[in-house]
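Note sheet for the following structure.
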Amino acid sequence: MTVKEILDLAKEKMGKSIAVYQDNMASIRAGRANPKLLDHIMVDYYGTPTPLPQVGSVSVPEARMIVIKPWEKSMIKAIEKAINLSDLGINPNNDGEVVRLIFPELNTERRKDLTKQVKKEAEDAKVAVRSIRRDAIENVKKLKKDSLITEDEQRKAEEDAQKLTDKAIKDVDAICAAKEKEIMEV
């Protein structure tokens, strides 16, 4: 494995860690209705667990409401059950045609709890990024130990790995700050 391959692999893994963090942030409920909240909810579709967005159309007609129109009316009860079993904390309403989720205003205490959760997940993402950097640097040191690269090349590779890490952590911080701002908006 070359230095370039090691750094490219590290960059790819860091990108995936950031993508996972960003996906987790999309599923955290901040005062507004966001269809991404439903992506992880699995509905029992004739015995097969299926993501909720695949059993009906999901729309956001108002800032605090999500409407789910199932492809089959018979799925309304299964959708309601899946939402009730999820950690959303919202009771679904149905009129026989669609399922409505109405999001209440978040109180200050709940907003602070969500902010703590966002910060904790940001720290977890940063730990993952730093772990990837450590692995990359260890692989570079092995190349040096095996006399495949010079000491200068090793130092340059370690600096490049640190630059990748700094950029990834900056991206995580930006996502975290944006989500905190969204949560604290009243």
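The values are calculated or read from the model by the stated rules, or taken from the named source; none is laboratory data. Since we're looking at a predicted model, the values are computed, not measured. Reconstructed Cβ throughout: ideal geometry from the backbone, glycine too, with neighbour counts over all protein chains shown. Just so you know, the surface numbers come from the protein's heavy atoms only, side chains and all, with ligands and any DNA or RNA stripped out. Shrake-Rupley method; radii C 1.70, N 1.55, O 1.52, S 1.80 Å.
Could you rank Lys36, Lys126, Lys73 by how accessible they are, 1.4 Å probe, largest area first?
On the way: Lys36 90, Lys126 35, Lys73 125 Å².
The ordering from most to least exposed comes out as Lys73, Lys36, Lys126.
Assuming a ≥ b ≥ c are the square roots of the Cα gyration tensor eigenvalues, decide whether the stretch 1-98 counts as rounded (a/c under 1.5), prolate (otherwise, with a/b larger than b/c) or oblate.
Working: a/c = 3.30, a/b = 2.17, b/c = 1.52.
It is prolate, given that a/c is not under 1.5 and a/b is the larger ratio.
Expressed as a whole percentage, what fraction of the accessible surface of the chain belongs to carbon and sulfur atoms when a 1.4 Å probe is rolled over the protein heavy atoms? Write down the numbers at each step before the final one.
Details: 5840 of 11130 Å².
About 52 percent, which is the carbon plus sulfur part of the accessible surface.
Assign one of three labels to the stretch 144-186, namely rounded, prolate or oblate, based on the Cα gyration tensor with a ≥ b ≥ c the square roots of its eigenvalues; rounded applies when a/c is under 1.5, prolate when it is not and a/b is larger than b/c, and oblate otherwise. All intermediate terms of the calculation are to be shown ahead of the outcome.
Numbers: a/c = 9.74, a/b = 5.92, b/c = 1.64.
It comes out prolate by the Cα gyration axes.
For the stretch 66-144, which GluC sites (Glu not before Pro) are in a loop by DSSP, counting at most 14 other Cβ atoms within 10 Å?
On the way: sites: Glu72, Glu80, Glu97, Glu105, Glu109, Glu121, Glu123, Glu138; in loops: Glu72, Glu97, Glu105.
Passing both the DSSP loop test and the Cβ count: Glu72, Glu97, Glu105.
Can you give the accessible area of Glu185 in Å² (nearest 10), computed on protein heavy atoms with a 1.4 Å probe?
It works out to around 80 Å².
Working with all protein chains in place, sort Lys4, Lys145, Lys69 by solvent-accessible area computed with a 1.4 Å probe, largest first. Walk me through the numbers before you get to the answer.
Numbers: Lys4 135, Lys145 165, Lys69 95 Å².
The ranking, largest first, comes out as Lys145, Lys4, Lys69.
What aspartates and glutamates sit close enough to Lys126 to cross-link, taking a C-alpha to C-alpha distance under 13 Å and skipping anything fewer than 8 places away on the same chain?
Asp166, Asp171, Asp173
Going by Cα centres, the stretch 1-73 and the stretch 103-179 are how many Å apart?
Computed from Cα coordinates, the inter-centre distance equals 22 Å.
Excluding ligands and nucleic acids, what accessible area in Å² is computed for Asp113 using a 1.4 Å probe, to the nearest 10?
70
Do any of Lys36/Lys119; Lys36/Lys163; Lys156/Lys179; Lys144/Lys170 go past 23 Å between their Cα atoms, and which? Present the calculation step by step, with values, prior to reporting the outcome.
On the way: Lys36/Lys119 20 Å; Lys36/Lys163 32 Å; Lys156/Lys179 35 Å; Lys144/Lys170 29 Å.
In this structure, Lys36/Lys163; Lys156/Lys179; Lys144/Lys170 exceed 23 Å between Cα atoms.
Could you work out [θ]222 nm for the chain from helices alone, using -39500 (n - 2.57) per DSSP H run of at least four and dividing by all its residues? Round to the nearest 500 deg cm²/dmol. It would help to have the intermediate numbers written out before the result.
Working: 4 runs with 106 residues, N = 186.
It lands at -20500 deg cm²/dmol.
Using the membrane-span-like helix rule (whole DSSP H runs, Cα extent along the own axis of at least 18 Å, mean Kyte-Doolittle hydropathy at least 1.6), which helices of the chain qualify?
Numbers: long enough: 3-26 (35 Å, -0.20); 108-145 (55 Å, -1.33); 151-184 (49 Å, -1.10).
Answer set is empty.
Evaluate the Debye formula for the stretch 104-186 with equal point scatterers sitting on the alpha carbons, no solvent, and hand back log10 of I(q)/I(0) at q = 0.19, 0.25 Å⁻¹, in q order, two decimals.
Rounded to two decimals, the profile gives -0.81, -1.08.
Per residue, how much accessible surface does the chain expose to a 1.4 Å probe? Answer in Å², no decimals.
Numbers: 11130 Å² over 186 residues.
For the chain, the solvent-accessible area averages 60 Å² per residue.
With each label point set 7 Å from Cα along the Cα-Cβ vector, what nm distance links Gln22 and Glu105?
That separation, rounded to one decimal, is 3.3 nm.
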